[in-house]
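What follows is one structure encoded as structure tokens, with my remarks underneath.
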Amino acid sequence: GISQPTVLPYSPHSAAYDKTALDKYPFDLNRAKELLGKSGATGLKAEAMVVSSYPELGAIAQIMQADLAKIGFALSITVLDPTQGSRRLLAGDFQCTPSFSGNTQKYPTRVTLNSIWRTGKNPVWGDNIPKAYVDAVTEAAGTIDPAKQKAAFAKLNAVILDEAWVIPIAYRQSVFGVAKHVDGFAFTVDDMGGLGNASIEK
């Protein structure tokens, strides 16, 4: 009950948020199985690379594995230490990997600070990044006109959904537990706890 499903990297608080996207691309294993059947592909399998420093990524991989098994797709899971995982990720030496996309709570084009969303030397695309994606990012980053921004964000979302090299599934939200006698606790735009103005009521 803390997070929500999504198909785009932007939360409801973002200027690039599109509330209709999830309706267009709902979680539907039956539809996925139907499309795989129509493709004629058989013996489908892939490796999910998981970095050991984030236990939740292993849990996500196991859920993916169970869901894909239901539609005839075998997903194996390989757990790597952070050094090995980072090396393979940046080299594009993986088939799929659960991960996080940071900076999405800031201006939408800040998502490109993540390696997988880069507009140059991208681990998935190399330097053959879809022109529509690069153009949409450039357009959104180059204007402060609200109408032009909205149009650019729509283009950006369209190419993310069409190319689907990254498939967002949910928002990662931090949960802070604060006792009733603690006052002034805050958190930053980077989702980090702030104690600068915190005090304890006695």
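The values are calculated or read from the model by the stated rules, or taken from the named source; none is laboratory data. In this text, all values refer to a predicted model and were calculated from it rather than measured experimentally. Cβ atoms come from the backbone with ideal geometry, glycine included; neighbour counts cover every protein chain shown. Areas reflect the complete protein model, heavy atoms only, side chains present, ligands, DNA and RNA absent. Shrake-Rupley method; radii C 1.70, N 1.55, O 1.52, S 1.80 Å.
Report yes if residue 166 is open to solvent by 80 Å² or more (accessible area, probe 1.4 Å), part of a loop (DSSP other than H, G, I, E, B) and either among the aliphatic types (A, V, I, L, M) or free of Cβ contacts under 8 Å to residues at least 24 places away in the same chain (or both), otherwise no. No. The residues of the range 169-186 that are open to solvent by less than 80 Å² (accessible area, probe 1.4 Å) and within 14 Å of residue 111 (Cβ to Cβ) amount to a single one, 171. Going by what's in this entry, would residue 131 be described as closer than 21 Å to residue 11 by Cα and not small (Gly, Ala, Ser)? Here the answer is no, as residue 131 does not meet what is asked. The residue pairs whose first member lies in the range 78-105 and is within 17 Å of residue 9 (Cβ to Cβ) and touching a residue at least 12 places away in the same chain (Cβ under 8 Å), whose second member is exposed (fewer than 12 other Cβ atoms within 10 Å of the Cβ) and of a type outside the set (Asp, Glu), and whose beta carbons are closer than 7 Å, counting only pairs six or more residues apart or on different chains, are 105/13; 105/189.
The residue pairs whose first member lies in the range 14-32 and is surrounded by 11 or more Cβ atoms within 10 Å (Cβ to Cβ), whose second member is not in a helix (DSSP H, G or I), and whose beta carbons are closer than 6 Å, counting only pairs six or more residues apart or on different chains, are 16/10; 17/10; 21/7; 21/8; 22/7; 25/7; 29/71; 32/71. Let me spell it out: the conditions are (1) farther than 30 Å from residue 88 by Cα; (2) assigned to a loop (DSSP other than H, G, I, E, B); (3) open to solvent by less than 30 Å² (accessible area, probe 1.4 Å), and residue 144 meets all of them except one. Which number is the exception? Against the list (1) farther than 30 Å from residue 88 by Cα; (2) assigned to a loop (DSSP other than H, G, I, E, B); (3) open to solvent by less than 30 Å² (accessible area, probe 1.4 Å), residue 144 comes up short only on (3).
Which of the residues spanning the range 66-86 are under 21 Å from residue 36 (Cβ atoms) and either of a type in the set (Asp, Glu) or open to solvent by 70 Å² or more (accessible area, probe 1.4 Å) (or both)?
67, 70, listed by residue number.
Going through (1) of a type in the set (A, V, I, L, M); (2) assigned to a loop (DSSP other than H, G, I, E, B); (3) touching a Leu at 6+ places or on another chain (Cβ under 7 Å) one by one, residue 64 falls short only on (2).
Can you go through 99, 76, 86 and tell me which one is assigned to a loop (DSSP other than H, G, I, E, B) and polar (S, T, N, Q)? Spell out the reasoning first.
Values: 76 fails: assigned to a loop (DSSP other than H, G, I, E, B); 86 fails: assigned to a loop (DSSP other than H, G, I, E, B).
Step by step, each of 99, 76, 86 is checked, and only 99 is assigned to a loop (DSSP other than H, G, I, E, B) and polar (S, T, N, Q).
Go through the range 187-202 and give me each residue that's open to solvent by less than 70 Å² (accessible area, probe 1.4 Å) and either closer than 30 Å to residue 61 by Cα or of a type in the set (Val, Ile, Thr) (or both).
Let us first name the residues in the range 187-202 that are open to solvent by less than 70 Å² (accessible area, probe 1.4 Å), namely 188, 191, 193-194, 198-199.
Those that are open to solvent by less than 70 Å² (accessible area, probe 1.4 Å) and either closer than 30 Å to residue 61 by Cα or of a type in the set (Val, Ile, Thr) (or both): 188, 191, 193.
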